[in-house]
1. Using a 1.4 Å probe, what is the accessible area per residue for the chain, in Å²?
2. May I ask you to derive the relative contact order of the chain, considering only C-alpha pairs under 8 Å and at least 6 residues apart, and to give it as an integer percent?
3. Per-residue HN-Hα couplings for the stretch 4-15, Karplus 6.51 cos²θ - 1.76 cosθ + 1.60 at θ = phi - 60°, whole Hz, x for Gly and Pro?
4. For the pair ARG66/ASP46, report the inter-label distance in nm, with labels modelled 7 Å from Cα in the Cβ direction.
5. Which whole-Hz ³J(HN,Hα) couplings does the stretch 106-116 yield from phi under the Karplus relation 6.51 cos²θ - 1.76 cosθ + 1.60, θ = phi - 60°, glycine and proline marked x?
6. Once Lys and Arg get +1 and Asp and Glu get -1 on their Cβ, which of GLY63, VAL133, PHE98 lies farthest toward the positive end of the dipole of the chain?
7. Once you have the Cα-Cα distance between GLU82 and GLU171, take 0.36 nm times their residue separation minus that, and quote the gain in nm to one decimal.
8. If you count, for each residue, the other Cβ atoms within 10 Å and average over each peptide, how do 104-113, 37-46 line up from highest to lowest?
Amino acid sequence: MSNPMSFDQLLDYLDNQESQYVLDSVAMHGFLTATIIGPALPNWLDALFEGQVSKLPENVVDGVKRWRKSIMDELKNETPIELPFSEDVGNEEVDFDFSDESDIVAWSIGFVDAMYGDEASDWIQNEDTAEDVAVLTLPMIVLSGIDDEDPELLQMRSDEDKMAQMANSIEGNLTELFLLFHTND
(Lines give C-alpha, C1' and ligand atoms only; values in the text may rest on other atoms or scores of the structure.)
Protein backbone atom coordinates (compact mmCIF):
# COMPACT_ATOMS: atom_id res chain seq x y z
CA MET A 1 0.00 0.00 0.00
CA SER A 2 1.75 3.12 -1.21
CA ASN A 3 -0.71 5.69 0.13
CA PRO A 4 -2.70 4.37 3.11
CA MET A 5 -5.58 6.51 4.35
CA SER A 6 -5.86 7.69 7.89
CA PHE A 7 -9.05 6.74 9.70
CA ASP A 8 -10.33 10.34 9.43
CA GLN A 9 -9.62 10.38 5.70
CA LEU A 10 -11.53 7.12 5.29
CA LEU A 11 -14.55 8.49 7.18
CA ASP A 12 -14.44 11.66 5.10
CA TYR A 13 -14.31 9.60 1.90
CA LEU A 14 -17.26 7.42 2.96
CA ASP A 15 -19.39 10.36 4.10
CA ASN A 16 -18.78 12.35 0.93
CA GLN A 17 -19.07 9.54 -1.61
CA GLU A 18 -22.03 9.71 -3.94
CA SER A 19 -21.72 6.09 -5.04
CA GLN A 20 -24.70 3.77 -4.66
CA TYR A 21 -22.45 0.92 -3.49
CA VAL A 22 -20.57 2.81 -0.78
CA LEU A 23 -22.24 3.16 2.61
CA ASP A 24 -21.72 6.23 4.77
CA SER A 25 -19.40 5.78 7.74
CA VAL A 26 -22.17 5.08 10.28
CA ALA A 27 -23.88 2.43 8.13
CA MET A 28 -20.44 1.02 7.30
CA HIS A 29 -19.73 0.61 11.02
CA GLY A 30 -23.01 -1.30 11.42
CA PHE A 31 -22.16 -3.54 8.49
CA LEU A 32 -18.63 -4.26 9.72
CA THR A 33 -19.89 -4.94 13.23
CA ALA A 34 -22.38 -7.53 11.96
CA THR A 35 -19.69 -9.29 9.90
CA ILE A 36 -17.61 -9.67 13.05
CA ILE A 37 -20.18 -10.67 15.64
CA GLY A 38 -22.33 -12.88 13.41
CA PRO A 39 -21.63 -16.10 11.56
CA ALA A 40 -18.72 -16.14 9.15
CA LEU A 41 -19.30 -14.06 6.03
CA PRO A 42 -16.29 -15.00 3.87
CA ASN A 43 -17.21 -12.64 1.05
CA TRP A 44 -18.01 -9.68 3.33
CA LEU A 45 -16.05 -7.24 1.16
CA ASP A 46 -18.01 -8.12 -1.99
CA ALA A 47 -21.27 -8.03 -0.04
CA LEU A 48 -20.35 -4.64 1.41
CA PHE A 49 -19.52 -3.05 -1.94
CA GLU A 50 -22.11 -4.99 -3.96
CA GLY A 51 -19.41 -6.71 -6.04
CA GLN A 52 -17.83 -3.38 -7.01
CA VAL A 53 -14.60 -3.63 -4.96
CA SER A 54 -12.44 -3.31 -8.08
CA LYS A 55 -13.94 0.12 -8.81
CA LEU A 56 -12.77 1.54 -5.46
CA PRO A 57 -9.40 3.06 -4.70
CA GLU A 58 -7.06 0.49 -3.16
CA ASN A 59 -6.42 2.68 -0.12
CA VAL A 60 -10.18 2.83 0.62
CA VAL A 61 -10.45 -0.97 0.57
CA ASP A 62 -7.35 -1.21 2.76
CA GLY A 63 -8.80 1.37 5.18
CA VAL A 64 -12.07 -0.57 5.47
CA LYS A 65 -10.15 -3.80 6.16
CA ARG A 66 -8.09 -2.07 8.87
CA TRP A 67 -11.25 -0.57 10.40
CA ARG A 68 -12.88 -4.00 10.54
CA LYS A 69 -9.77 -5.41 12.19
CA SER A 70 -9.82 -2.64 14.83
CA ILE A 71 -13.47 -3.44 15.67
CA MET A 72 -12.53 -7.13 15.91
CA ASP A 73 -9.60 -6.26 18.19
CA GLU A 74 -11.96 -4.33 20.48
CA LEU A 75 -14.09 -7.43 20.90
CA LYS A 76 -11.10 -9.72 21.40
CA ASN A 77 -9.89 -7.40 24.15
CA GLU A 78 -13.35 -7.70 25.73
CA THR A 79 -13.98 -4.01 25.16
CA PRO A 80 -17.54 -3.11 24.18
CA ILE A 81 -17.82 -1.91 20.61
CA GLU A 82 -17.97 1.87 20.53
CA LEU A 83 -21.10 2.69 18.58
CA PRO A 84 -21.22 5.84 16.41
CA PHE A 85 -24.41 6.94 18.18
CA SER A 86 -23.42 5.83 21.69
CA GLU A 87 -23.25 9.32 23.16
CA ASP A 88 -27.05 9.26 23.33
CA VAL A 89 -27.42 5.68 24.57
CA GLY A 90 -28.43 5.55 28.20
CA ASN A 91 -28.80 9.32 28.46
CA GLU A 92 -32.26 9.87 29.91
CA GLU A 93 -32.19 13.59 29.05
CA VAL A 94 -31.54 13.12 25.33
CA ASP A 95 -34.38 12.20 23.03
CA PHE A 96 -33.29 9.75 20.38
CA ASP A 97 -33.71 10.71 16.77
CA PHE A 98 -35.35 7.75 15.04
CA SER A 99 -35.94 9.53 11.73
CA ASP A 100 -34.75 7.87 8.54
CA GLU A 101 -31.75 10.24 8.46
CA SER A 102 -30.55 9.47 11.99
CA ASP A 103 -27.28 7.73 12.83
CA ILE A 104 -28.94 4.93 14.77
CA VAL A 105 -31.17 4.09 11.80
CA ALA A 106 -28.21 4.25 9.37
CA TRP A 107 -26.14 2.01 11.64
CA SER A 108 -29.02 -0.47 11.93
CA ILE A 109 -29.49 -0.53 8.15
CA GLY A 110 -25.80 -1.37 7.70
CA PHE A 111 -26.05 -4.08 10.35
CA VAL A 112 -29.13 -5.67 8.78
CA ASP A 113 -27.58 -5.45 5.30
CA ALA A 114 -24.72 -7.62 6.56
CA MET A 115 -27.13 -10.03 8.27
CA TYR A 116 -28.75 -10.71 4.92
CA GLY A 117 -25.61 -10.11 2.84
CA ASP A 118 -25.15 -13.75 1.87
CA GLU A 119 -27.69 -16.57 1.83
CA ALA A 120 -24.92 -18.98 2.89
CA SER A 121 -24.53 -17.03 6.14
CA ASP A 122 -27.80 -17.75 7.92
CA TRP A 123 -28.00 -16.12 11.35
CA ILE A 124 -30.84 -18.34 12.56
CA GLN A 125 -29.90 -21.71 11.06
CA ASN A 126 -29.08 -23.25 14.44
CA GLU A 127 -32.30 -24.36 16.15
CA ASP A 128 -30.69 -24.04 19.60
CA THR A 129 -29.92 -20.35 19.17
CA ALA A 130 -32.51 -19.20 16.62
CA GLU A 131 -34.87 -17.70 19.19
CA ASP A 132 -32.05 -15.89 21.03
CA VAL A 133 -30.70 -14.49 17.76
CA ALA A 134 -34.17 -13.30 16.74
CA VAL A 135 -34.65 -11.49 20.06
CA LEU A 136 -31.13 -10.01 20.08
CA THR A 137 -31.33 -8.72 16.49
CA LEU A 138 -34.89 -7.39 16.81
CA PRO A 139 -33.75 -3.87 17.80
CA MET A 140 -31.59 -3.54 14.69
CA ILE A 141 -34.34 -4.91 12.45
CA VAL A 142 -36.99 -2.60 13.92
CA LEU A 143 -34.71 0.46 13.93
CA SER A 144 -33.60 -0.17 10.34
CA GLY A 145 -37.19 -0.02 9.11
CA ILE A 146 -36.29 -2.78 6.69
CA ASP A 147 -39.67 -4.47 6.89
CA ASP A 148 -42.09 -1.57 6.82
CA GLU A 149 -44.94 -3.87 5.74
CA ASP A 150 -45.02 -5.91 8.96
CA PRO A 151 -47.75 -4.53 11.27
CA GLU A 152 -45.99 -5.68 14.45
CA LEU A 153 -42.74 -3.97 13.47
CA LEU A 154 -44.64 -0.83 12.45
CA GLN A 155 -46.36 -0.78 15.83
CA MET A 156 -42.98 -1.06 17.59
CA ARG A 157 -41.55 1.74 15.44
CA SER A 158 -44.42 4.02 16.46
CA ASP A 159 -43.70 3.55 20.20
CA GLU A 160 -40.94 6.02 21.18
CA ASP A 161 -40.36 4.38 24.57
CA LYS A 162 -40.01 0.93 22.97
CA MET A 163 -37.63 2.36 20.40
CA ALA A 164 -35.49 3.97 23.13
CA GLN A 165 -35.40 0.67 25.03
CA MET A 166 -34.27 -1.10 21.87
CA ALA A 167 -31.59 1.50 21.18
CA ASN A 168 -30.30 1.15 24.72
CA SER A 169 -30.12 -2.64 24.37
CA ILE A 170 -27.94 -2.72 21.25
CA GLU A 171 -24.54 -2.63 22.95
CA GLY A 172 -25.36 -5.53 25.28
CA ASN A 173 -27.06 -7.45 22.48
CA LEU A 174 -23.91 -7.20 20.36
CA THR A 175 -21.88 -8.83 23.11
CA GLU A 176 -24.49 -11.57 23.52
CA LEU A 177 -24.58 -12.21 19.78
CA PHE A 178 -20.80 -12.40 19.60
CA LEU A 179 -20.78 -14.96 22.40
CA LEU A 180 -23.57 -16.99 20.77
CA PHE A 181 -21.70 -17.24 17.48
CA HIS A 182 -18.13 -17.43 18.71
CA THR A 183 -18.10 -19.61 21.82
CA ASN A 184 -18.88 -23.26 22.31
CA ASP A 185 -20.99 -22.78 25.46
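The values are calculated or read from the model by the stated rules, or taken from the named source; none is laboratory data. Source: prediction; values computed, not measured. FYI the Cβ positions are ideal-geometry reconstructions off the backbone, even for glycines, and counts take in every protein chain you see. With ligands, DNA and RNA removed, areas are computed over all heavy atoms of the protein, side chains included. Shrake-Rupley method; radii C 1.70, N 1.55, O 1.52, S 1.80 Å.
1. 57
2. 27
3. x, 8, 6, 4, 5, 5, 4, 4, 4, 4, 4, 7
4. 2.6
5. My calculation for the stretch 106-116 gives 4, 4, 5, 4, x, 4, 5, 4, 6, 4, 9 Hz in order.
6. Of the options given, the answer is GLY63.
7. Contour length minus Cα-Cα distance gives 31.2 nm.
8. Those peptides, ordered most packed to least, come out 104-113, 37-46.
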